[in-house]
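The values are calculated or read from the model by the stated rules, or taken from the named source; none is laboratory data. Note that this is a predicted model, so its numbers are computed, not measured. All Cβ positions, glycine included, derive from the backbone under ideal geometry; neighbour counts span all protein chains shown. The protein model used for the area step is the full one, side chains on, heavy atoms only, and it has no ligands, DNA or RNA in it. Shrake-Rupley method; radii C 1.70, N 1.55, O 1.52, S 1.80 Å.
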Amino acid sequence: MNTEILTQNQETPIEKKKTIFSGVQPSGNLTIGNYLGAIKNWTDLQDKYNCIYCVVDMHAITVRQVPAELRRRTYETLAVYIAAGLDPEKNTLFVQSHVPAHAVLAWDLNCFTMFGELNRMTQFKDKSAKNADNINAGLFTYPVLMAADILLYQTDLVPVGQDQRQHLELARDIAVRFNNTFSDTFIVPEAYIQKTGMKIMSLAEPTKKMSKSDANPNASVAILDSKDDIIRKFKRAVTDSDTVVRYAEGKDGINNLMSIYSCFTGKDYSEIEREFDGKGYGDFKLAVGETVADSLAPIREKFDALMKDKKYLEEVMRSGADAAQRIAAKTVSKVHRKLGYVGL
Ligand code: AQP
């Protein structure tokens, strides 16, 4: 790890901040899964770490996107980052396609990734099943681009949800392979263990992950959904034929609602069970819906204001890309030297 000790005035030792990298695809309306599994946790890290957060538009095109929608969602995703509390002065916030080094390093790393490794990725299997008419090579090599995203910034820690753990393991394997083939080039990143943000499941099929690109509008709750929509979706959430609010095996729907409620209120499962003792699923679902809607209301308000100021969002994009590019260029040049490319 790069916990290098720097000295200030030769006297006060300061520990260099560790680097954190993560991103979200602008491939749909960001869900409470993206919020609880990623963005909410990021806001707690901004003072302690050197945080780099990206809007990963190049990942989004592994699934066919309508260009005008991709463009709009790229602005929206950045606006959600800021509205949710990520301060552009404290974090490097940028859009992936503005830093071409991501694509450059991804190519290099493709040549250090085995076909068999990519073939084992469960997300590829899930996404190719969902997009049977467009199983493109980008969908297959998506984890290599993700490895490049992370390794470019000499990232120490990656705060990812459970669903992305397999991809992070691959990024680590690629880094180790490259380091062993040449010499130490990349920091081998570790998962940042998060307090909250377990895998949030679909409200329609609670054994499946909640996804922003789910075709069923009742399966996911978007951060920007209206209060009425949020309450309605929770009321319709699939549960089971039991009536008691308790966390137990086989009660996937209720377990999911309890974990969402717990993330938003900070209450643990036994407190929630006591709170709803003697009450039915109807009361519980309403409470979850109202809590989620009320907690997200300030984000929606800030988001609306930010979206009226595109110029500001573009300034954030530009300065974030400049800062990211400076770091990325150093890694790419180091990699290219080791590979034997001629530098000019
Ligand atoms: N359901 C989830 N529970 C917990 N964390 C989640 N994340 C996504 N869904 C959940 C976390 O959000 C971050 C960004 O994800 P992404 O947009 O890069 O890709 P994804 O995981 O594929 O997200 P979606 O919403 O499922 O997008 P689509 O539908 O486009 O594939 C990651 O940190 C992820 O862990």
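The table below gives the values:
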quantity: Every pair of residues 6+ apart whose Cβ atoms lie under 9 Å, when the first sits in the stretch 193-211 and is modelled with pLDDT under 75 and of a type outside the set (S, T, N, Q) while the second is buried (at least 18 other Cβ atoms within 10 Å of the Cβ) and part of a loop (DSSP other than H, G, I, E, B); calculated: ILE193/PRO159; GLY197/PRO159; GLY197/GLY161; MET198/GLY161
quantity: Top-ranked residue of the stretch 198-227 - restricted to ones that are among the β-branched types (Val, Ile, Thr) and more than 7 Å from the ligand (Cβ to nearest atom), ranked as farthest from the chain's Cα centre (by Cα); calculated: THR207
quantity: Any hit, the stretch 148-156, residues being open to solvent by 30 Å² or more (accessible area, probe 1.4 Å), more than 20 Å from LEU30 (Cα to Cα), of a type in the set (Phe, Trp, Tyr) and away from the ligand (no atom under 12 Å from the Cβ); calculated: no
quantity: In the stretch 196-228, the residues that are of a type in the set (Val, Ile, Thr) and surrounded by 15 or more Cβ atoms within 10 Å (Cβ to Cβ); calculated: ILE200, VAL221, ILE223
quantity: Matching residues, the stretch 29-87, being among the small types (Gly, Ala, Ser) and more than 10 Å from the ligand (Cβ to nearest atom); calculated: ALA68, ALA79, ALA83, ALA84, GLY85
quantity: Sole exception among (1) small (Gly, Ala, Ser); (2) open to solvent by 40 Å² or more (accessible area, probe 1.4 Å); (3) over 30 Å from PRO88 (Cα atoms); (4) in a helix (DSSP H, G or I) for GLY278, by number; calculated: (4)
quantity: Residue list for the stretch 240-252, filter: surrounded by fewer than 21 Cβ atoms within 10 Å (Cβ to Cβ) and either within 16 Å of the ligand (Cβ to nearest atom) or not charged (D, E, K, R) (or both); calculated: SER241, THR243, VAL244, TYR247, ALA248, GLY250, ASP252
quantity: Within the stretch 129-147, tally of residues that are open to solvent by 30 Å² or more (accessible area, probe 1.4 Å) and of a type in the set (Val, Ile, Thr); calculated: 2
quantity: Pairs, first at pLDDT 95 or above in the stretch 214-243, second acidic (Asp, Glu) and open to solvent by less than 50 Å² (accessible area, probe 1.4 Å), C-beta under 6 Å, six or more apart; calculated: SER220/ASP214
